[in-house]
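Chemist: One structure coming up, written as structure tokens, with questions to follow.
Values in this text are rule-based calculations from the coordinates and carry no lab data. Values in this document were obtained by computation on a predicted structure and should not be read as measured data. Cβ placement follows ideal geometry from the backbone for every residue including glycine, while neighbour counts extend to all protein chains displayed.
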Amino acid sequence: GQQVMQIPQYQHVQEGEDFTTYCNSSTTLSNIQWYKQRPGGHPVFLIQLVKSGEVKKQKRLTFQFGEAKKNSSLHITATQTTDVGTYFCAGPGNQGGKLIFGQGTELSVKP
Amino acid sequence: EAGVTQFPSHSVIEKGQTVTLRCDPISGHDNLYWYRRVMGKEIKFLLHFVKESKQDESGMPNNRFLAERTGGTYSTLKVQPAELEDSGVYFCASSQRLGLAGFSSYNEQFFGPGTRLTVL
């Protein structure tokens, strides 16, 4: 079945260091979404990428969608303690509507 | 605008008991989804309502799980009888449905705070 793989599972960084999480789908995606879940919280939508090779930026966050629309990445420049949480990528399921989530990357930032 | 709400926030029950989770989506959102996250693993899809109709229930683990959305407003997810492996955080999410030129596209999903279910 359709799978979305995400690495790494955990990432511990010193405040100010950069962070990247990678997402790979077993099938071509029409779009990919990114969510952030703070500790004890719930997933919150960050962004959706639709076009092949698309790059979008939100302040220190840079999101990329691969040319083949099967992979994506999220890069955070100069991490801050407020960046702590689990970052999920998610692609649409075969039947539409539902999201197939990656395993998530848990980011911890040491001040 | 009120967000997605879920009740209860926590539930601790014994194996074999019944639990009913409730989700109130954002007003006007036709799409309602149930997901589950078990022990820090990935968030797994359970089912999808469009208004009161079940659009996709391919993620429901077994017939111990029953979801309803009477009237197309709030939804309930009942687990009966609960088993140990049902423990986890159950998230509800809702989204608008965009219809455009004969096909539908789906946009961001708004998640509720979740119900943490512990089965002992």
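Chemist: If the elastic network links every pair of Cα atoms under 10 Å, which of A:Q58, A:Q33, A:Q14 fluctuates the most in the Gaussian network model of chain A?
Modeler: Among A:Q58, A:Q33, A:Q14, the largest mean-square fluctuation in the Gaussian network model of chain A belongs to A:Q58.
Chemist: Starting from the Cα of A:K59, draw a straight line to each of the aspartates and glutamates and keep only those under 19 Å, dropping any in the same chain fewer than 8 residues away.
Modeler: Leaving aside aspartates and glutamates fewer than 8 places away in the same chain, those within reach of A:K59 are A:E15, A:E17, A:D18, A:D83.
Chemist: Among A:T27, A:T62, A:T82, whose mean-square fluctuation peaks in a Gaussian network model of chain A (Cα, cutoff 10 Å)?
Modeler: Per the Cα network of chain A with a 10 Å cutoff, A:T82 tops the list.
Chemist: Could you pull the Cα extents of chain B along its three principal axes, largest to smallest, in whole Å?
Modeler: On the principal axes, chain B reaches 50, 29, 29 Å in Cα extent.
Chemist: Charges at C-beta only: +1 for Lys and Arg, -1 for Asp and Glu. How large is the resulting dipole of region B:1-52 about its Cα centre, in Debye rounded to 20?
Modeler: In debye, rounded to 20, region B:1-52 gives about 300.
Chemist: Could I ask something else about it? Write down the Kirkwood hydrodynamic radius of region A:1-69, to one decimal in angstroms, obtained as one divided by the mean of 1/r over all alpha carbon pairs.
Modeler: 13.6
Chemist: Give the aspartates and glutamates reachable from B:K78 as a straight Cα distance under 13 Å; neighbours fewer than 8 places away on the same chain don't count.
Modeler: Within the straight-line cut-off, B:K78 pairs with B:E68, B:D86.
Chemist: Right, here's the next one. What are the radius of gyration and Dmax of the protein assembly as shown, computed over its Cα atoms and given in Å?
Modeler: Both quantities, over Cα of the protein assembly as shown: 17.8, 51 Å.
Chemist: Which FRET efficiency, nearest 0.05, do A:Q3 and A:V55 yield, Cβ-Cβ r, R0 25 Å?
Modeler: Given R0 = 25 Å and the Cβ-Cβ separation, E is 0.55.
Chemist: For region B:1-89, give the magnitude of the charge dipole about the Cα centre (Cβ charges: +1 Lys/Arg, -1 Asp/Glu; no others), in debye to the nearest 20.
Modeler: 120
Chemist: Something else now. List the pairs from A:K98/B:K54; A:K69/B:K51; A:K36/A:K56; A:K36/A:K98 whose alpha-carbon separation is above 19 Å, in the order I gave them.
Modeler: A:K69/B:K51
Chemist: At most 13 other Cβ atoms within 10 Å plus a DSSP loop assignment makes a site exposed; report the longest stretch of chain B without any exposed GluC sites (Glu not before Pro).
Modeler: Longest stretch, sites excluded: B:15-82.
Chemist: When averaged across all projection directions, what area in nm² does the alpha-carbon convex hull of region B:28-99 cover?
Modeler: Its average projected convex-hull area is 5.1 nm².
Chemist: Additional query: Just flag the trypsin sites (Lys or Arg not before Pro) in region B:20-120 sitting in loop per DSSP whose Cβ has no more than 13 other Cβ atoms within 10 Å.
Modeler: B:K41
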